[in-house]
Amino acid sequence: MSVYRNRLLTPGPVELHPKALEALSRPQLHHRTDEARAFFQAAREGLKQAWNTEGEVLLLTGSGTLAMEALVLNLFAPGERVWVPVHGKFSERWAEIAESLGLEVVRKDLEWGRVVKPEMVEELSGPFHGALLTHSESSTGAQNDVRTLAQTFKSRFPNALVVADMVTSLLISPVALEAWGIDAAASGSQKGTMCPPGLGYAALSPRALERLKPRGYYMNLAKERKAQAEGESAWTPAINLVAAVAGVLGQVLPGLEEHLRLKARQTELLYRAGESVGLKPVPEVKSPATTCFYLPEGFRYAQVKEAFARRGATIIGGQGILKGKIFRISLMGYSDIYDAYAVAELMKDALQSLG
Ligand SMILES: *Cc1c(COP(=O)(O)O)cnc(C)c1O
């Protein structure tokens, strides 16, 4: 036996932080108790700090996609016009959500793996009620400069709201709301917060809070905001996960800068290792959340996956149009520099074993 436990190298779910495991091993909490309210407030405050916002972060029971849908539902009305650049599976998800909720979607399709350029914003003709952007596009490993994009968009359309998918940038890259011109953002528990899946986070700047047009029943963010101000939620929350998030944030936030440097360094090591054995990176600009390579010439994804599996590691392939063309690995979970060196060597070994 070469490994004692399998390692998840997938871009969510990820290896769990020990503080999450510790929280999840406690007896069941009741969500309408002081103890639960304290976890709820700690998780919300920690996420506000992580997002650098004076607004609110609402915890929703569901996955990251639920937070994305809740934001579109509560910030825009049917018929409103939004700009959605599409360059991967998750940016495409914004377009699909907005269309399903009756918005007019002005789509800008790019080759998957590319990033959005400010010139693309300059070319737009309004009016626009908003833009739906993706910070870290985990399906291609690309990272957009959402700060410049948001500021450019706002300078053209000052009344519009900019909403960003920050699912794999929160606690992985620096992020901010107001300071970057971003009005609202989404993430989820099974990515940078190193917890199990089950919570979506909806972050709202003070400007977005003023512009809430609550719709829906379960996903009504005005109702959530009222309940969460009291440390509760409108409906029974995944309170065990809330306690896990509070525990992890309590540990990670005091050393956040160092944590972000580690994530950047890990990804750099993985790209360097892959490129040293001839692999070609997918993204135009690399996100520290996911390392994406085209499959080596003449090999199928199943073979690469199997080579990692034989070494005790679970990786993931491409989605949508990149299915069967790429493989992806990620250390956004609980992992440090030792893991990065080990995974870099293991990757070289796995690929060289293919011949
Ligand atoms: C994981 C992920 C999501 C949300 O996916 P869920 O499965 O709903 O949690 C959204 N955007 C990006 C970039 C992601 O990586």
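All of the numbers you see were taken from the coordinates with simple rules; none came from a lab. Predicted, not measured: the structure shown is a model, and the values here were computed from it. Cβ sites come from the backbone with ideal geometry, for glycine too, and all protein chains shown count toward neighbours.
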Phi-derived 3J(HN,Hα) across the range 198-212 with the Karplus relation (6.51, -1.76, 1.60, θ = phi - 60°), rounded Hz, x for Gly and Pro, is x, 10, x, 10, 10, 9, 10, 6, x, 5, 5, 4, 5, 9, 4
Take the chain, mark every one of the trypsin sites (Lys or Arg not before Pro) that falls in a DSSP loop and has at most 15 other Cβ within 10 Å, then report the longest stretch left between them, sites excluded.
33-299
Applying the span-like rule to the chain (DSSP H, Cα extent along axis at least 18 Å, Kyte-Doolittle mean at least -1.0) gives 34-51, 239-252, 256-276, 337-353
For the residue pair R207 and Q49, what label-to-label distance in nm results when each label sits 7 Å from Cα along the Cα-to-beta-carbon direction?
2.6
Taking a cut-off of 18 Å between Cα atoms, list the aspartates and glutamates near K286, but don't count ones fewer than 8 places away on the same chain.
E111, E137, D145, D165, E268, E275
As an exercise, identify the GluC sites (Glu not before Pro) in the range 66-144 lying in DSSP coil whose Cβ has no more than 12 other Cβ atoms within 10 Å.
E111, E123
Sites matching chymotrypsin sites (Phe, Trp or Tyr not before Pro) across the range 198-227 that sit in DSSP coil, with at most 11 neighbouring C-beta atoms within 10 Å
Y217
Want the number for E268 to R107: 0.36 nm per residue separation, take away the alpha-carbon distance, what's left?
54.8 nm
Too-long pairs where the Cα-Cα distance tops 30 Å, listed order kept, from K19/K348; K117/K223; K117/K263; K117/K305:
K19/K348; K117/K223; K117/K305
With just the Cα atoms defining each centre, how far is the range 102-163 from the range 202-262? Give it in Å.
24
So if the hydrodynamic radius of the range 18-253 is defined as the Kirkwood radius over C-alpha pairs, what does Stokes-Einstein give as its diffusion coefficient at 4 °C and 1.567 mPa s, in µm² per second?
73
Counting other Cβ atoms within 10 Å, which GluC sites (Glu not before Pro) in the range 237-302 have at most 14 and lie in a DSSP loop?
E297
